[in-house]
Amino acid sequence: MRLEGKVAIVTGGGAGIGRATVDLFAREGARVVIAEYDRDTGQTALDAVTAAGGSAIFVQTDVSDEAQMAAMVGAAMDTWGRIDILHNNVGGSTENDGPIHSVSNDEFWLKMKVDVFGTWLGCRLVIPHMIAQGGGAIVNMTSVNAIIGARNRNAYAAAKGAVSSLTRALAVQYGRDGIRVNAVAPGRTLSQRVMARQGTRAASDIGDDSHLLGLIEPEEVARSVLYLATGESSKVTGHILVVDSGLTVQ
């Protein structure tokens with residue numbers, strides 16, 4: 001019960017890494033705010049947590065909408081009176097991404113709006129509460145695509161690079177307030193969205209030999225988020241924790 005008594009917000013908590021993090025946080029004793037755009041997956045995540053004896057609320061949220069984000073943060077404060085952990089998880093690449101000379105400007109701005117602005121809003125709205133209570137932990141979601149080059153993900157790489165830079169800047173800005181700000185950079189993770197794109201291909205056939213230890217399960221990323229959210233990482237801030245099955249060391 002490493003998060004007993006803590007209140008944690010997880011954006012995009014209805015599926016993929018976000019859902020795995022919600023489940024893990026709840027098992028570790030956290031009271032979880034599931035901030036999810038899709039009502040069905042958000043409700044399903046809430047039902048699973050409560051059925052297992054955990055404590056959670058679900059707030060339907062578009063992370064790129066400031067009013068909705070403020071309402072979600074307000075719900076957390078109204079329900080439990082504090083916010084100890086913020087996991088800005090929402091984001092991801094789409095099939096509409098591509099080379100800069102052909103990808104649409106709309107796709108670029110979508111990535112900036114969801115991945116960067118959504119993270120910005122989460123931090124902007126939660127940090128004042130963390131300052132008032134004497135500290136907290138923020139874990140953003142970036143990507144290995146912000147570290148190494150990749151084809152056909154130019155808009156996504158730009159957005160995740162911005163998230164990494166924002167993470168480091170906020171770590172410096174708010175360290176004296178007891179707020180640690182870190183990020184996780186996963187390699188290719190077998191979320192529902194990735195599996196759906198692959199159709200009938202088996203998980204073992206997805207990707208290539210660049211992932212030395214095999215492709216990554218959402219739960220494996222969630223465990224890294226948990227580490228950065230707990231006191232076990234009490235002196236870790238401004239760090240980008242790479243969980244990529246060896247992709248970036250080759």
Taking the condition of a type outside the set (Lys, Arg) and in contact with a Ser or Thr (Cβ under 8 Å, 6 or more places away or on another chain), does Ile127 pass?
-> no
Index of the failed condition, Asn145 passing every other in (1) under 19 Å from Gly16 (Cβ atoms); (2) modelled with pLDDT of 95 or more | (2)
Return the total of residues in segment 145-155 being surrounded by fewer than 24 Cβ atoms within 10 Å (Cβ to Cβ), out of contact with any Pro (no Cβ under 7 Å at 6 or more places or on another chain) and in contact (Cβ under 8 Å) with a residue 12 or more places away in the chain.
-> 6
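Take the residues of segment 152-208 that are farther than 17 Å from Arg124 by Cα, among the small types (Gly, Ala, Ser) and outside any helix (DSSP H, G or I): which is modelled with the lowest pLDDT?
Among residues in segment 152-208 that are farther than 17 Å from Arg124 by Cα, among the small types (Gly, Ala, Ser) and outside any helix (DSSP H, G or I), the one modelled with the lowest pLDDT is Ala202.
The values are calculated or read from the model by the stated rules, or taken from the named source; none is laboratory data. Treat the numbers as computed from the prediction; the structure is a model and nothing was measured. Backbone-built Cβ (ideal geometry, glycine too); neighbour counts: all protein chains shown.
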